[in-house]
Every structure is written in structure tokens, then in C-alpha cells.
Amino acid sequence: MQTLDVIVHTISLASSTSRSYELRAADGGALPSFEAGAHIDVHLGPSLVRQYSLCNSPREKGRYLICVRRDDAGRGGSRTLHRDLTVGRRLRISPPRNHFPLVAAGHHVLVAGGIGITPVLSMAEALAARGASFVLHHYTSSAAEAPLLERLQSSALGERAVVHHSDQGDTVRAGLPAELQVPEADTAVYVCGPDGFMTHVVAEATAAGWHPGQLHTERFAPTAPPSAEAEAEAGDGDGDRDRDRDGAKAGVAAEFTVRIASTGTGYRVPADRTIAEVLTAHGVEVELSCEQGICGACLTPVLAGEPDHRDEVQTPDERAAGDRITICCSRARSPELLLGL
Ligand code: FES
């Protein structure tokens, strides 16, 4: 797996609970370019890898900016990061990866909840730079907890960025933003935030008549079971993807076989193991990161067989094509899958 060495160049407060970390190449050179919506893996320890969206403008060549909200209820990624990352600390990261890209459209509606503003802000700045038509709505619990509020209120975005604070009674539960209440052709909608927030926005937009192909999402955690509805209000989540993986692994599982095209060898995947677990146990090298179906690092070509997709990465069209599978969580509907490994 390719990694990059970076140094924590600066750290700044992004809200009362969030910090921004500016990363620069350890050798002082350039960093790979990225597109708005991209994220990186940050290696925080031997078995602690977390994914964070890049929140700076893609036009900036020499640095990556991530913003992390401390979440004491999470599995520890944000706590470790807030505690251990100091200026000058050397880190290993992955090159940027993007499963939440801007698409061609006449108008863009960006909707972020809490720390979900991180990729969305980069997208808004990219759209503003190219003179594209867009509006951004950011839902947070309060002004004090709103990450990156200063940039959001910058002149570059102007009145196209609208902030909503639930401590002032302004929540997405009270109603979708006006731009989402009636579907518009040639408009793309992007939603990022805590799971309950996203589930609510997507469900309401779908009920309003938006086509699923117009709704683009980026999750920080696998889709939670319905009981997690209480998380719907913005401000939750820490910006990384470190929640438990029950959602990704949920569902009835059955045994099947994966066959490796390059060797012809087949391996049984029992109901309680993932494809990745089986392959790595047999010494097959695979790329893994979040192991929750939300980062896309493990997407693997499918040459034959029918995947049972359990990830949050692929679009409905990509899932229907069935030519790639996230081997960390997805399974098979057919007795066998032939993988392009
Ligand atoms: S490792 Fe992240 S989607 Fe599989």
C-alpha cells in the first residue's frame, strides 16, 4: 500500500470542539494533487488507521488540511489525534482517494451536518473558483461548535453559504432547505454528516421526488440501524470514520467461494468471516483501510459472479454494474465470485 510521509505543520482551533491540522510533505516537496471531496487515511498507530476528508481547496498544491471534532463516545481515533498530534509530528498517510466527487450539473446543492462540512467546504470552494452555480447549507448545534465557520462565512462563498444552528431552533428536522423541497433537473445534491442526519435528509429528499442518481452522499460511518435515529441532529460525529462496524456487517450472511483470477485458487468464505479476512489469512495481499465499507480502499474487480454489496462507497449505478466489490464487508449472491486479483 502506497503511503506518504508528512509533518504536522500547524494546528488551529476550528471550533470549540474541533481542530484543523495542516499537513505538509516531510521532505518539503509537493503533495499529490486531489479533487474536492477526497479523503486520506491517517496512520495513527500500528493498528489505528482513520480516514479524514481534505477540507482545503484542491487548488492548494503544497498542503493537506483535515479538521477533526473530538468525539469522546467514538472508538478513539479523534481522541488519539487530539491528544497526540503536535506540531512537527511525522505521520504516514495514504494518497488522496475520492468517492465523493463533484459531478457535471447546472446547479449544486450542498448539505452538511456538523463535521460533515469538511469535504463539502472544499467542494464549495472548488465550485466558487470555477464560477459554478451552487448553494451550501450547514447544520450545526451552535455557532460555537460550528467547525470552520470563519471560512464558511468568507467572501468567496458569500451568501451562497447558509448556516443553521439548532440551539436557535433552526434544524433540518424543521424542514429541508428550500432548494431541496422541489426536485430540479440538472441539479446535483451532496449530503455529508452524521448517519442519522444523512438518513433523514436523503429520505426526505427522496420523498420530495429527487431521483437517487441526483443524491450523492459521503458517510463517516456505516449506515446505522433505525434505532440510531436520535443522532439525526447535526453536530454529532467527529469527522473520521471510526464508529463501530455493525452496520456494515449486518444482514444475513451465507457461505460462498471467492476465486482469484491470477492463480485460479478458490477460498471458502464462511458466514462469520469477510472476504478480506479469508484472503489475508491465506497470504493473499489486499489493500484495506477502514474495514467498514466507507473508504473504498479495498474495491476489487469482479470478473464473474454477483456481489452482495454492503458498502457505502459505490453509487447505485456502480452497484448495479457489479464489476467491483468492497471485500472488507460485501458478500456474494452467487455461489462463487471471481476476483480480478
Ligand atoms: S477498507 Fe474501506 S471500504 Fe473496504
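Annotations for the structure displayed:
- Acute angle (nearest 10 degrees) that the helix 117-129 long axis makes with the longest principal axis of the chain, alpha-carbon atoms: 70 degrees
- Net length available on complete extension from VAL162 to ARG92 is 21.7 nm, with 0.36 nm assigned per residue and the Cα-Cα distance removed.
- Within the chain, DSSP assigns beta bridges of which about 60% are antiparallel (rounded to the nearest 5).
- Model label points for MET1 and ALA304, set 7 angstrom from Cα along the Cα-to-Cβ axis, are 3.1 nm apart.
- For the chain, size of Cβ-based charge dipole, Lys and Arg +1, Asp and Glu -1, in debye: 880 debye
- Scattering curve values for the chain, log₁₀ I(q)/I(0), Debye with Cα scatterers, q = 0.06, 0.10, 0.12 Å⁻¹: -0.21, -0.59, -0.85
- Annotation: for a label point projected 7 angstrom from Cα along Cα→Cβ of SER33, residues of the range 99-133 with backbone N closer than 19 Å are 99-104, 122-132.
- Each peptide among 127-139, 83-95 gets the average number of other Cβ atoms lying within 10 Å of its residues, and from highest to lowest they stand as 127-139, 83-95.
- Ordering of 96-108, 50-62 by burial proxy (mean other Cβ atoms within 10 Å per residue, highest first): 50-62, 96-108
- Å² per residue, accessible surface of the range 248-339 at 1.4 Å: 45 Å²
- Cβ-derived FRET efficiency at R0 51 Å, ARG268 paired with ASP186, nearest 0.05: 0.60
- Estimated FRET transfer efficiency when R0 is 25 angstrom, pair ALA254-THR206 (beta carbons, to 0.05): 0.25
- Nearest-ten-degree value, helix 195-208 long axis tilted from longest Cα axis of the chain: 80 degrees
- Rounded if a/c under 1.5, otherwise prolate or oblate - the range 6-68, Cα gyration tensor axes: rounded
- Shape of the range 107-232, Cα gyration tensor, a/c cut at 1.5: oblate
- Part-to-part distance (alpha-carbon centres) for the range 27-91 and the range 158-211, which is given in Å: 27 Å
- Relative contact order (%) - criterion: Cα under 8 Å, at least six apart; region: the chain: 15 percent
- Tensor-based shape of the range 248-339 (alpha-carbon gyration tensor, a/c under 1.5 rounded, otherwise prolate or oblate): rounded
The values are calculated or read from the model by the stated rules, or taken from the named source; none is laboratory data. Predicted model, so just to flag it, every value in this text is computed and none were measured. Note that we place each Cβ from the backbone using ideal geometry, even for glycine, and neighbour counts take in every protein chain shown. For the accessible areas, the whole protein counts, side chains as well, though only heavy atoms, and no ligand, DNA or RNA atoms are used. Shrake-Rupley method; radii C 1.70, N 1.55, O 1.52, S 1.80 Å.
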